[in-house]
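This report concerns only the one structure given below.
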Amino acid sequence: MGGTIKKVSGPLVVAEGMRDANMFDVVRVSKQRLIGEIIEIHGDKASIQVYEETSGLGTGEPVVSTGEPMSVELGPGLIGSIFDGIQRPLDDIKKASGNNLTRGIEVPSLKRDRRWAFSPVVSAGADVVEGDVLGTVQETEVVLHKIMVPPGVNGKIKKIEKGEYTVTETVAVIGTDKGDVEVTLMQKWPVRKGRPYKQKLPPVTPLVTGQRVVDCLFPIAKGGVAAIPGPFGSGKTVTQHQLAKWAEADIVVYIGCGERGNEMTDVLLEFPELIDPHTGKSLMERTVLIANTSDMPVAAREASIYTGITIAEYFRDMGYSVALMADSTSRWAEALREMSGRLEEMPGEEGYPAYLGSRLAQFYERAGRVISLGADDREGALSVIGAVSPPGGDISEPVSQATLRIVKVFWGLDAALAYKRHFPAINWLTSYSLYVDLLSKWFKENVSSDWMELRARLMRLLQDEAELEEIVKLVGMDALSPDDRLKMETARSIREDFLHQLAFHEVDTYTSLNKQLHMIRLILAFYDIASETLKMGGEINAISKLPVRESIGRFKYIAEEKVGEEYDKIMADLSAQMRESIVKENL
């Protein structure tokens, strides 16, 4: 199924003589065999987006269709690997072409020479259905890779043996109505098609991240979707690193989509050195990295997004909780805009294609908490956290607005907060989470029965502070009543002692829900006892200068095992110092 090039326009190549080709077929373009994908067909003319640099291509050169859609290889060897946007392993590319990337280079996604120890969990003669686990491979020290019956295959196992196999060797033979099916350690799956599952479940369990502003104020559910929009320098990448490191996920898939080369280099160098707090091993022992930098061909950004989410779905099907970080979807949208312009389509708002919203929705809707295929009803979850980079931090632009219509959690990063060195710079007045009501039952049962009431009080104090600040700007702090000044002091404590969190401090980088609960109770106890003290004749200036406030502020640096003991001590000091302040006033 071949044709010839008729037109070259940047990453877009138009070929004629492609009557037998199908939409989304992978093609090889020119004698250099550049990889591309058919995105439009008119008669025998096919428009192809090429995932490699097209400079130097000319008309008349051959175009050959492989007859298959863009697919990824799924099997042992994914974890710890670093791929480009079309799932070519960067280490193998370097071995084949050196430091300068050769166009059209072909390397297998999964290493063909590596042997894996396969241990069957079923025996010959057993009946199996699609999605059943046939056996396991210990891929890394922390990830047990489950070899599953491919979708659409049901029957009886004729042969299965323990041993060491490469990803292409047959490990089992299944007899089906249509004949024998040979199962290898590796499956192939088209990236644009979501992997099947039995049932989607409601998002009722939080993805605990250890980041206080997220877990307490704007939680995300396991299987949920969140967006982190923010201007340059506001901390999108650092926030995603923190979530990748600390979130309660078994597997992390990190997609650098059109990111600057130095940022992607930081990720590639940093992740292997990071110690996974859950296992004590390198974070790469449960991570898949997809590196697509801003100087790589624009079209490959779209492929990197689909490649990443397909790999994430595969691990979700094994029954794992997977967290996918996409940084950033704005770069993908820019690629869509460029391809749409070259296809001469009618543009939508700000030049983006009219189908921008539906493409984003197709991506985010592949997240979820599901019952996987198979007789054992495994439960897996895929949570997607996408960074958005609006120009100038203006979230009224089309990509941010299309994303906000889809996602349920909005962590709005604020340049003003970042400038004040308040990190994470998530603005508590503009951010929101639509999962709060769904997750309230879990928090009440697993953390504290009054968790939601405490959260509501924090939010109310922060909102009151924002209103009072407007008055202070006009008439000064002294014009406020003692009660309002106390609200301002408490809100400052919430901001500086609770919401502000040091990512690089060995204790403060992660806070358990139990410790978060104690921190909230301390701050609100100060507010409640101070309110009573004011009614009894206390002076607001004396209350705001009590030594116990320093102890409350330093509570976040207390180790988890000492939380209860330190909490009781501070509460005792708080009551004693408040009583003492009243006595001094009366004297």
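For the range 366-397, filtered to residues that are at pLDDT below 95 and surrounded by fewer than 18 Cβ atoms within 10 Å (Cβ to Cβ), the residue that is farthest from THR209 (Cα to Cα) is ALA375.
If you filter the range 47-79 down to residues that are over 30 Å from PHE315 (Cα atoms) and among the charged types (D, E, K, R), you find that the one that is most open to solvent (accessible area, probe 1.4 Å) is GLU53. Note on the range 278-296: residues that are in a strand (DSSP E or B), open to solvent by 10 Å² or more (accessible area, probe 1.4 Å) and out of contact with any Leu (no Cβ under 8 Å at 6 or more places or on another chain) total 1.
Which ones in the range 344-358 are outside any loop (DSSP other than H, G, I, E, B) and either free of Cβ contacts under 8 Å to residues at least 24 places away in the same chain or touching a Ser or Thr at 6+ places or on another chain (Cβ under 8 Å) (or both)? I'd like the intermediate steps shown before the answer.
Quick first cut of the range 344-358, residues outside any loop (DSSP other than H, G, I, E, B) only: 347, 349-351, 353, 356-358.
Within the range 344-358, PRO347, GLY351, PRO353, SER358 meet the criteria.
Applying the condition of being aromatic (Phe, Trp, Tyr), buried (at least 18 other Cβ atoms within 10 Å of the Cβ) and in contact with a strand residue (DSSP E or B) (Cβ under 8 Å, 6 or more places away or on another chain) to the range 398-442 and asking which residue is nearest to LEU360 (Cα to Cα) yields PHE410.
Which residue out of GLU453, GLU489 is among the charged types (D, E, K, R), assigned to a helix (DSSP H, G or I), out of contact with any helix residue (DSSP H, G or I) (no Cβ under 7 Å at 6 or more places or on another chain) and closer than 29 Å to ARG579 by Cα?
Every option except GLU453 fails the conditions.
Of all residues in the range 114-127, those satisfying the criterion of being among the hydrophobic types (A, V, I, L, M, F, W, C) and either at pLDDT below 95 or not in a strand (DSSP E or B) (or both) are VAL121, VAL122, ALA124, ALA126. If you check ALA503 against the conditions, is it open to solvent by less than 40 Å² (accessible area, probe 1.4 Å), closer than 23 Å to PRO424 by Cα and either modelled with pLDDT under 95 or assigned to a helix (DSSP H, G or I) (or both)? Spelling it out, ALA503 is indeed open to solvent by less than 40 Å² (accessible area, probe 1.4 Å), closer than 23 Å to PRO424 by Cα and either modelled with pLDDT under 95 or assigned to a helix (DSSP H, G or I) (or both). Only a single criterion out of (1) closer than 23 Å to LEU413 by Cβ; (2) crowded, with 22+ Cβ neighbours inside 10 Å; (3) more than 12 Å from the chain's Cα centre (by Cα); (4) not hydroxyl-bearing (Ser, Thr, Tyr) is not satisfied by GLY308, namely (3). Kindly indicate whether GLU465 is of a type outside the set (Lys, Arg), open to solvent by less than 40 Å² (accessible area, probe 1.4 Å), more than 21 Å from LYS408 (Cα to Cα) and touching a helix residue (DSSP H, G or I) at 6+ places or on another chain (Cβ under 9 Å). The answer is yes for GLU465. In summary, helices (runs of 4 or more DSSP H) completely within the range 510-587 and bearing 3 or more residues that are among the aliphatic types (A, V, I, L, M) and buried (at least 16 other Cβ atoms within 10 Å of the Cβ) occur at 513-535, 540-544, 563-586.
Residue-wise test of (1) β-branched (Val, Ile, Thr); (2) touching a His at 6+ places or on another chain (Cβ under 9 Å); (3) in a loop (DSSP other than H, G, I, E, B); (4) touching a residue at least 24 places away in the same chain (Cβ under 8 Å).
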site	(1), (2), (3), (4)
PHE363	no, no, no, yes
VAL370	yes, no, no, yes
ASP376	no, no, yes, yes
ILE395	yes, no, yes, yes
ALA402	no, no, no, yes
VAL407	yes, no, yes, yes
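The values are calculated or read from the model by the stated rules, or taken from the named source; none is laboratory data. The structure displayed is predicted, hence computed values, not measured ones. Methodologically, a virtual Cβ is constructed for each residue, glycine included, from the backbone with ideal geometry; neighbour enumeration extends over all protein chains shown. Ligands, DNA and RNA are stripped out before the accessible areas are found, and what is left, the full protein with its side chains, is counted by its heavy atoms. Shrake-Rupley method; radii C 1.70, N 1.55, O 1.52, S 1.80 Å.
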